[in-house]
Amino acid sequence: MRLRNSSMDGSDGSQLFDDTSATGRGQAGPQAAGGLPGQSLLADPMSNLAMAYGSSLASQGREMVDKNLDRFIPISKLKYYFAVDTVYVGKKLGILVFPYMHENWEVSYQQDIPVAPRFDVNAPDLYIPTMGFITYILVAGLALGTQNRFSPELLGVQASSALVWLIMEVLAVLLSLYLITVNTDLTTIDLLAFSGYKYVGMILGVVAGLLFGKLAYYLSLLWCCAAIFVFMIRTLRLKLLSEAAAEGKLVRGARNQLRMYLTMSIAAAQPVFMYWLTYHLIR
Amino acid sequence: MAFTLYSLIQAALLCINAVAVLHEERFLSKIGWGVDQSVGGFGDEPGIKVQLMNLIRSVRTVMRGACYFLLCTFSHFRQKMAKKKNYVTFYQFFYVFNLGLCHI
């Protein structure tokens with residue numbers, strides 16, 4: 001399993017994110033401010049000592065919290081998935097809705113570490129699924145409101161049931177990957193990201209249904225279902241199938257057949273979920 | 001279709017308990033799913049059946065005691081949430097006791 005940014009730490013975090021922190025400006029700040037009113041404060045050695053002690057205590061506390069939190073939730077790995085920018089999000093949304101013109105589906109690597117999403121359109125990210133999930137809940141609330149079926153508890157019910165379906169889908173995919181003993185570098189978070197991409201299609205379908213009626217809902221849902229199906233097959237083909245089969249040659253053997261079936265069923269489950277989670281919103 | 005996280009956890013716990021309760025000698029060997037019968041292929045493809053048998057065995061090993069404890073906790077919790085009458089709570093207690101007995 002390739003570990004994402006196992007060698008990336010805070011010092012070269014600027015590879016993932018643009019360093020917009022005000023470290024340069026921050027140093028100039030206290031000096032300028034301390035010059036005028038705080039002159040008397042800083043001149044006092046006791047308060048100087050107290051300030052130094054306080055700041056070192058704060059940084060120690062923060063280090064401890066970071067270290068302990070990192071044991072439970074792999075925050076450094078999560079950071080990789082949120083290193084996106086506007087161009088990436090725009091291109092990715094375009095591919096999700098219209099994957100037929102995109103040609104190169106391979107994820108590029110940089111010295112054995114997958115490149116951050118902002119440099120490669122094919123890399124999975126968690127920004128779009130998270131935003132999609134939240135937008136889906138809001139749009140569901142809106143749709144229920146237009147039918148006078150809204151109450152604030154229903155938002156929580158929608159959110160938790162969509163989350164439950166997501167978790168069950170990821171668990172089912174993990175179980176089937178274990179059973180078929182596929183050697184792949186797909187991590188759990190990758191699978192979460194891929195399962196979360198269907199929210200984009202669902203939102204488009206529901207919004208079209210709200211604006212233009214039931215026929216528009218069905219048409220746009222059909223389009224988005226086909227698009228997600230093709231997207232998933234093309235993405236998973238490179239990750240799950242063996243090298244030869246991924247290039248399109250027919251490789252015989254029960255193992256490759258099983259892998260193909262697995263890819264097909266994962267991709268086919270997406271339209272089913274998309275319909276299941278939205279049909280009750282459009283009446 | 002009101003799924004909550006709580007019902008998911010409960011369903012998962014009951015499913016894991018069901019897998020953990022499958023007895024090795026009494027049941028799995030009789031239908032040819034015992035782990036001693038899985039020594040077959042030495043290639044690089046264990047096959048689905050062998051993987052499933054290994055999975056069942058590992059679930060049983062890990063969750064033996066944990067299942068019973070978690071089931072007790074959950075039934076107690078549900079009792080508190082339900083606030084129903086006495087015979088219902090006795091039914092739930094008996095249910096959990098039955099599930100726990102299966103582990104012997």
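Here are the numbers for this structure:
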quantity	calculated
Listed residue (A:Val206, A:Ser265, A:Leu138) projecting farthest to the positive dipole end of region A:132-279, Cβ model	A:Ser265
Packing rank of A:195-205, A:179-189, where each peptide gets the mean count of other beta carbons within 10 Å, highest leading	A:195-205, A:179-189
Over region A:192-237, volume per residue of the alpha carbon convex hull, in Å³	46
Principal axis box of region A:122-205, alpha-carbon based, largest edge first, Å	50, 25, 17
Ordering of B:63-72, A:262-271 by packing [mean C-beta count within 10 Å, highest first]	A:262-271, B:63-72
Cross-link pairs A:Lys67/A:Lys92; A:Lys91/A:Lys214; A:Lys91/A:Lys198 - those with Cα-Cα distance over 23 Å	A:Lys67/A:Lys92; A:Lys91/A:Lys214
Label-point separation in nm, A:Arg71 to A:Ala254, each point 7 Å along Cα→Cβ	4.4
Interface area, B with A, accessible, probe 1.4 Å, both sides summed, Å² nearest 100	1400
For B:4-14, mean number of other protein chain Cβ atoms within 10 Å	3
Delta accessible area of at least 10 Å² on complex formation, residues of region A:129-170, 1.4 Å probe, chain isolated as reference	A:Val157, A:Ser160, A:Ser161, A:Leu163, A:Val164, A:Trp165, A:Ile167, A:Met168
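The values are calculated or read from the model by the stated rules, or taken from the named source; none is laboratory data. Treat the numbers as computed from the prediction; the structure is a model and nothing was measured. Glycine gets a Cβ as well: all are built from the backbone with ideal geometry, and neighbour counts include every protein chain shown. We work out accessible area using only protein heavy atoms, side chains counted, and drop any ligands, DNA or RNA first. Shrake-Rupley method; radii C 1.70, N 1.55, O 1.52, S 1.80 Å.
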